[in-house]
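Taking it in order: structure first as C-alpha cells, then the write-up.
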Amino acid sequence: PRNLAAAHRHYLGDGFEGAHTAMADAEAVMQVFFGQLDRHELRDKTDAALAVFSNHGRRMADPAGKLVYDEAGHLCFNTFKNKGIPVLDDVGYAEWMLRGSFPAATVQMIRSELQSTKKVNSPGLFGGN
C-alpha cells in the first residue's frame with residue numbers, strides 16, 4: 001500500500017498510533033522523512049542536494065517545475081515535447097509560454113533568459129521594452 005502507515009512501517013519498522021489525527025499524521029510524516037534521509041544516507045546533504053535527489057537528478061529552476069537547468073547550467077524547458085531543450089534554442093516555444101497562463105515565477109525566468117541575450121521575436125511580450 002502507498003499510505004502513511006505503510007511508509008512508516010517501511011522506513012521505521014512499525015506502524016504508528018493515532019493515525020488520521022492531524023498531530024499524529026504530522027508527527028508520522030516527520031518521522032518518515034527522517035527515516036528516508038537515514039535510509040538513503042542523505043542526512044548530511046544540503047537543501048539544494050536534496051532537491052536534486054528528489055527531482056530525479058534534475059535541478060529545478062522555478063517552483064512550478066516547468067524549467068530546469070541542464071548539466072551545463074542552461075535554462076531548459078521541463079514540459080511537453082520541449083522537455084530538456086534549452087529555452088534559447090526554441091524562442092517560439094518560450095514566447096508561447098509567455099503568452100500562456102504559466103506561473104509568474106516561470107514567466108519571469110523565461111523573460112530574463114530571453115532579455116539577457118536579446119533573443120526575442122515579439123518585443124510586445126515584454127511590455128514594449
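The values are calculated or read from the model by the stated rules, or taken from the named source; none is laboratory data. These numbers come from a predicted model, not from an experiment. Methodologically, a virtual Cβ is constructed for each residue, glycine included, from the backbone with ideal geometry; neighbour enumeration extends over all protein chains shown. These accessible areas exclude ligands, DNA and RNA; they are computed on the full protein's heavy atoms, side chains included. Shrake-Rupley method; radii C 1.70, N 1.55, O 1.52, S 1.80 Å.
Some values worked out for this structure:
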quantity	calculated
Conditions (1) at pLDDT 90 or above; (2) not in a loop (DSSP other than H, G, I, E, B); number of the one not met by D44	(2)
Residues (open to solvent by 80 Å² or more (accessible area, probe 1.4 Å) and either charged (D, E, K, R) or over 16 Å from H10 (Cα atoms) (or both)) located in region 36-57	D38, R39, E41, R43, D44, K45, T46, D47, F53, H56
Matching residues in region 15-35 - criterion: being surrounded by 10 or more Cβ atoms within 10 Å (Cβ to Cβ) and over 27 Å from the mean Cα position of the chain (by Cα)	G15, F16, G18, A19, T21, A24
Residue check, L37 at pLDDT below 90, of a type outside the set (V, I, T) and not in a loop (DSSP other than H, G, I, E, B)	no
Count - residues of region 75-88 that are modelled with pLDDT of 95 or more and either open to solvent by less than 50 Å² (accessible area, probe 1.4 Å) or under 11 Å from E113 (Cβ atoms) (or both)	6
Which listed residue is farther than 26 Å from S101 by Cβ and part of a loop (DSSP other than H, G, I, E, B), from G73, G65, G84	G73
Single condition M60 does not satisfy, out of (1) under 14 Å from the mean Cα position of the chain (by Cα); (2) modelled with pLDDT of 95 or more	(2)
Qualifying positions in region 36-57 - more than 13 Å from the chain's Cα centre (by Cα) and at positive phi	E41
Meets criteria (at pLDDT 90 or above and among the acidic types (D, E)) for D14	no
Top-ranked residue of region 63-74 - restricted to ones that are of a type in the set (D, E, K, R) and open to solvent by 60 Å² or more (accessible area, probe 1.4 Å), ranked as modelled with the highest pLDDT	K66
